[in-house]
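Chemist: Dropping the structure in here first, questions after.
The values are calculated or read from the model by the stated rules, or taken from the named source; none is laboratory data. Note that the structure is a prediction, hence the values are computed from the model and not measured. Every residue, glycine as well, gets a Cβ built from its backbone with ideal geometry; the counts of neighbours run over all protein chains shown. Just so you know, the surface numbers come from the protein's heavy atoms only, side chains and all, with ligands and any DNA or RNA stripped out. Shrake-Rupley method; radii C 1.70, N 1.55, O 1.52, S 1.80 Å.
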Amino acid sequence: MSDGDKPHSPACDENRQPILDVIRRVFTRPGLVLEVGSGTGQHAAWLPRFLPHLDWQPSDVAENLPGIRAWLDEAALPNVLPPVRLDVLHSPWPVTACDYVFSANTVHIMSWPMVETFFAGVGRVLKPGGSFCLYGPFTFDGHHTAASNAEFDLWLKARDPQSGVRDAVDLERLATTAGMERISDFGMPVNNRILHWRRAPSGPGSVA
């Protein structure tokens, strides 16, 4: 795959620095990061460059792996592992234990059953005391934070009725069931947020 053929998302270029600023504050101890839904691979090829204390595991469905590999081959970062196939609906996941989970712009393109399975999976693989950061647009108690997010939600549902901007309250219930508690909510550019949960020392998603 040539440079011109690599998948590219302008949004990844625009949000990478604000995301890095948050990840630096949250993922402070050395450990393994599982990135669920690495997409184009741009975040995996850039963020770990500035986080040498972390080992970064990209993942996505099979059809996205060649593009991710193209970005990673170019970046050649020593702390990034080869991308692995991960479909949230299929278990076991290829990573069975990690210190951190990061995911960007994923839950609004999933069906709700996929979102439920995703959170349950994070609860299974995240070590006690580990953190989960989820980036994207969210509603709060059914209310959009900006008109642009409401328009985006309509566009998503017109394309796929099972997708849509998810409500933080609904995600909070899933996180609680998976043994995680909300720690922080970071405001991000373009009306996005990073929701940060921490895995409880013990609970429903405990890793043996």
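Chemist: Spot the failing condition for Val125; the list is (1) in contact with a helix residue (DSSP H, G or I) (Cβ under 8 Å, 6 or more places away or on another chain); (2) within 21 Å of Arg199 (Cα to Cα), and only one is missed.
Modeler: So Val125 meets the others, but not (1).
Chemist: Condition (residue is of a type in the set (A, V, I, L, M, F, W, C) and part of a loop (DSSP other than H, G, I, E, B)) applied to the stretch 32-48: is it met by at least one residue?
Modeler: no
Chemist: Which residue is most open to solvent (accessible area, probe 1.4 Å), if the candidates are limited to the stretch 157-174 and must be of a type in the set (A, V, I, L, M, F, W, C) and either in contact with a helix residue (DSSP H, G or I) (Cβ under 6 Å, 6 or more places away or on another chain) or without any contact (Cβ under 8 Å) to a residue 40 or more places away in the chain (or both)?
Modeler: Among those residues, the one meeting the criterion is Ala158.
Chemist: Working only within the stretch 125-138, note down all residues that are open to solvent by 10 Å² or more (accessible area, probe 1.4 Å), closer than 19 Å to Arg173 by Cα and touching an Asp or Glu at 6+ places or on another chain (Cβ under 9 Å).
Modeler: Across the stretch 125-138, the qualifying residue is only Gly129.
Chemist: Considering only the stretch 73-92, state which residues are touching a strand residue (DSSP E or B) at 6+ places or on another chain (Cβ under 6 Å) and without any contact (Cβ under 8 Å) to a residue 40 or more places away in the chain.
Modeler: Scanning the stretch 73-92 gives Asn79, Val80, Leu81, Val84.
Chemist: Tally the residues that are closer than 27 Å to Ile183 by Cα and either modelled with pLDDT under 95 or not in a loop (DSSP other than H, G, I, E, B) (or both), restricting the search to the stretch 1-31.
Modeler: 17
Chemist: Additional query: Go through the stretch 175-188 residue by residue and tally those that are touching a residue at least 12 places away in the same chain (Cβ under 8 Å) and exposed (fewer than 12 other Cβ atoms within 10 Å of the Cβ).
Modeler: 0
Chemist: Give the stretch 23-55 a look and list any residue that's surrounded by fewer than 23 Cβ atoms within 10 Å (Cβ to Cβ) and of a type in the set (D, E, K, R), or say none.
Modeler: Scanning the stretch 23-55 gives Arg24, Arg25, Arg29, Arg49, Asp55.
Chemist: Here are the criteria: (1) among the aliphatic types (A, V, I, L, M); (2) surrounded by 14 or more Cβ atoms within 10 Å (Cβ to Cβ); (3) in contact with a strand residue (DSSP E or B) (Cβ under 9 Å, 6 or more places away or on another chain). Tell me which single one Leu20 does not satisfy.
Modeler: Of everything listed in (1) among the aliphatic types (A, V, I, L, M); (2) surrounded by 14 or more Cβ atoms within 10 Å (Cβ to Cβ); (3) in contact with a strand residue (DSSP E or B) (Cβ under 9 Å, 6 or more places away or on another chain), Leu20 misses just condition (3).
Chemist: Now, a different point. Looking only at the stretch 56-85, which residues are surrounded by fewer than 19 Cβ atoms within 10 Å (Cβ to Cβ) and in a strand (DSSP E or B)?
Modeler: Answer for the stretch 56-85, where residues must be surrounded by fewer than 19 Cβ atoms within 10 Å (Cβ to Cβ) and in a strand (DSSP E or B): Val84, Arg85.
Chemist: Have a look at Val115, Val101, Val122, Val88 and point out the one that is surrounded by 13 or more Cβ atoms within 10 Å (Cβ to Cβ) and in a loop (DSSP other than H, G, I, E, B).
Modeler: Answer to the check: Val88.
Chemist: I need the full set of residues from the stretch 192-208 which are open to solvent by 60 Å² or more (accessible area, probe 1.4 Å) and at pLDDT below 95, in order please.
Modeler: Answer for the stretch 192-208, where residues must be open to solvent by 60 Å² or more (accessible area, probe 1.4 Å) and at pLDDT below 95: Pro201, Ser202, Pro204, Ser206, Ala208.
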